[in-house]
Amino acid sequence: MTLKDTSEPCWRRIIIPNTARLSDLHDEIKYRFDYCGPFMAQFYWPKERIYIADTDGEMSDDYVLVPDYKVGNVLTEGMRFQYTYDFRRFYEHTIVVEKVLKSPDEVSPRLRMEKGDNPEVLHGDFTDFYEE
């Protein structure tokens with residue numbers, strides 16, 4: 001997964017079981033990029049947007065929450081899709097499913113490789129963003 005619009009490359013390569021849910025992938029992305037806070041996020045690919053609510057805010061009928069979508073049911077090898085975290089800062093990522101492992105159920109989520117600083121380092125301190 002590659003964070004877009006950064007002056008230096010910033011990406012993470014992870015392994016995640018195909019039995020994991022998209023919400024688990026969302027949590028893994030948040031962890032690997034050191035995101036925090038109750039912000040909305042979305043996965044999207046042609047003809048479908050899947051929103052994840054990390055907030056107590058109201059949801060509209062346009063949002064599809066993902067607890068029932070398993071990674072193995074919606075993602076395929078070679079697939080390229082987008083992920084956005086925080087609709088104010090718009091941390092946009094391109095994610096590529098590089099390979100589907102033969103026995104992914106035996107794999108726990110883990111980091112394989114990474115490059116680049118976390119967005120807070122790349123984009124500066126958030127203290128001006130949060131209201132007192």
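Taking 0.36 nm per residue of sequence separation and subtracting the Cα-Cα distance, how much length would be gained by fully extending the chain between residue 115 and residue 44, in nm to one decimal? Write down the numbers at each step before the final one.
On the way: separation 71, 0.36 × 71 = 25.56 nm, distance 2.37 nm.
This chain segment gains 23.2 nm when fully extended.
Can you tell me how much longer the chain between residue 97 and residue 79 gets when fully stretched, taken as 0.36 nm per residue apart minus their C-alpha distance, in nm with one decimal?
Values: separation 18, 0.36 × 18 = 6.48 nm, distance 0.54 nm.
In short, 5.9 nm is gained.
Under 23 Å Cα to Cα from residue 4, which lysines show up? Leave out anything in the same chain fewer than 8 places away.
Straight-distance partners of residue 4: 30, 47, 99, 115.
Using the count of nearby Cβ atoms within 10 Å as a rough guide to exposure, how do 36, 10 rank from fewest to most?
On the way: 36 11, 10 22.
The fewest-first ordering by Cβ neighbours comes to 36, 10.
How would you order 77-85, 43-51, 17-25 from highest to lowest mean count of nearby Cβ atoms within 10 Å? Write down the numbers at each step before the final one.
Numbers: 77-85: 15.3, 43-51: 13.8, 17-25: 18.1.
Final packing ranking: 17-25, 77-85, 43-51.
Taken together, the values in this text are just the output of simple stated rules run on the coordinates, not laboratory data. Since the model is a prediction, treat every value here as computed from it, not as a measurement. Reconstructed Cβ throughout: ideal geometry from the backbone, glycine too, with neighbour counts over all protein chains shown.
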